[in-house]
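Remarks on the structure that follows.
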Amino acid sequence: MKDDADAIKKFGVEYGAEVCRTLLDSGVKILHFYTLNLEKVVYGITDELGITSGLTEQSNESDAKDMVAVGSAWARAGDTIKCSAGQGVVKEIKSDGAAVVEIDGKDVQLAKGSYEKVF
């Protein structure tokens, strides 16, 4: 499933709705979601719970293809990252998670997992 973005989102909606139902059934009054600007799954969860209707179809995740998981952080073009070669700014994220990063005025390609976002 890890290479199928739609399957991952579907699983996220199903599992997220199950967790939310358990919380709501246990007396939780408020649900709070962190979307990381990728709201489609959260909209799917709220649609599944009946809190909203049709938000999934209205979501626009046009930048989702530019975001890749790097450890527990997300990196995309424009973000500052650090690696063994120093600190730089991401110019491009490749489909395999590699990043083209400008470090000290030079473009360097870094393999997925060899860099992390600076917060």
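Read the figures in this text as sums done on the coordinates, not as results from a lab. Bear in mind that the values here come from a model prediction, so they are computed numbers and not experimental data. As a convention, Cβ positions derive from the backbone with ideal geometry for all residues, glycine included, and neighbour counts pool all protein chains shown.
Points worth noting:
- Spin-label pair ASP4/LYS112, simplified geometry with 7 Å Cα→Cβ offset, distance in nm: 1.7 nm
- Sequentially through region 12-28, phi angles give Karplus couplings (6.51, -1.76, 1.60; θ = phi - 60°) of x, 5, 4, 5, x, 5, 4, 5, 5, 4, 4, 4, 4, 5, 8, x, 5 Hz, Gly and Pro residues having no value and appearing as x.
- Table column - 3J(HN,Hα) (Hz), region 100-114, Karplus curve with 6.51, -1.76, 1.60, x for Gly and Pro: 9, 10, 8, 10, 6, x, 10, 7, 10, 9, 10, 5, 3, x, 9
- Amide proton proximity set for GLU92, modelled H, under 5 Å, gap of 5+: VAL100
- Lysine pair count for the chain with Cα-Cα distance under 14 Å and sequence separation of 8 or more or different chains is 12.
- With helices as the sole contributors, the chain gives -9000 deg cm²/dmol at 222 nm; each DSSP H run of n ≥ 4 counts as -39500 (n - 2.57), and the sum is divided by every residue.
- Translational diffusion coefficient (Stokes-Einstein; Kirkwood radius from C-alpha pairs) of region 1-58 at 10 °C, 1.306 mPa s, in µm²/s: 134 µm²/s
- Around the amide H of VAL108, modelled in the peptide plane, lie the amide H atoms of VAL101, GLU102, ILE103, all under 5 Å away and 5 or more residues distant in sequence or on another chain.
- Debye intensity ratio I(q)/I(0), log10, the chain, q values 0.20, 0.21 Å⁻¹ (C-alpha model): -1.03, -1.09
- Between ILE103 and GLU14, residue separation times 0.36 nm minus the direct Cα-Cα distance comes to 27.9 nm.
- Simple spin-label estimate for GLN58 and LEU24 gives 1.8 nm between the two label positions (7 Å along the Cα-to-Cβ direction from each Cα).
- Residues VAL90, VAL118, arranged from fewest to most other Cβ atoms within 10 angstrom of their Cβ, appear as VAL118, VAL90.
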